[in-house]
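Visitor: Next up is a structure, given as structure tokens.
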């Protein structure tokens, strides 16, 4: 599970990466690739930590990767390092561009590059298939190949594959292609401090099928450098309940199709990351014990209970 960050130069993408992960990026961008993990804000988890006061705290995390596409072949660096990402966080400059139309053009410039990259993959595949006998095509490839003409039409219309109306099974069938525009996307508009409405205006004008969120990286960078108490005071002074970067991390976590379950105790409170729709283990009776083959002492079985029950019991 990994979220790739994309954005044109000076959009603020590396600043956002630093804010979310705490990993400092070299001002000269000497590293081609920088990886970091962002803790997922979760009030339920914080409440459990408050109740159990554990020796160790392990929140859920989202891995992010930031690629500095510089030099003569910037797209080659992006393709090599982000092709395996499970989702895309696309940062748009909304603070220095004078109007919405120019910001939209900047977004579409990058999106068009991704569409073209996917189209080239399909065209090469179709050319290879045209030279093959139908009998020589494996069954798994045959299922993929039935979708390719439809995907080609979508891309030639300038639309990303995530708007092709694919089912979950069809997306899974195409996984080996590593298409860019089939990945879930989160658009983040980096706005000026005095113009927070720019993000909503951008979303309304763009008519995107993916979520669009706004952030002022300049303000959030100041906020991220404060301790928890000062952050709370800073947010209160601005009339905000939480930092924007926390909402973005949580949105990325959800976009990747992940949820959390918690294990609690005085030794550790931990948020375990699992795919959405994963079924919870069936709870055992509280009095049930199991024997540990390596010990003569019985070992208590863990209970599976709701978060509210855990809080009500111990809180």
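The values are calculated or read from the model by the stated rules, or taken from the named source; none is laboratory data. Note that the coordinates shown come from a computational prediction; the quantities given were computed from them, not determined experimentally. We place every Cβ from the backbone using ideal geometry, glycine too, and count neighbours over all the protein chains shown.
Visitor: May I ask you to list the residues in the stretch 223-232 that are in a helix (DSSP H, G or I) and surrounded by fewer than 12 Cβ atoms within 10 Å (Cβ to Cβ)?
Guide: Those that are in a helix (DSSP H, G or I) and surrounded by fewer than 12 Cβ atoms within 10 Å (Cβ to Cβ): 228, 229, 230.
Visitor: Something else about it: Which one of 63, 74, 27, 41 is out of contact with any helix residue (DSSP H, G or I) (no Cβ under 6 Å at 6 or more places or on another chain) and at pLDDT 90 or above?
Guide: 63
Visitor: Against the definition (in contact with a helix residue (DSSP H, G or I) (Cβ under 8 Å, 6 or more places away or on another chain), in contact (Cβ under 8 Å) with a residue 24 or more places away in the chain, at negative phi and surrounded by 10 or more Cβ atoms within 10 Å (Cβ to Cβ)), how does residue 199 come out, yes or no?
Guide: So residue 199 fails the test.
Visitor: I've got another one for you. Restricting attention to the stretch 20-59, and to residues there that are within 15 Å of the chain's Cα centre (by Cα) and not in a loop (DSSP other than H, G, I, E, B), which single residue is surrounded by the fewest Cβ atoms within 10 Å (Cβ to Cβ)?
Guide: 35
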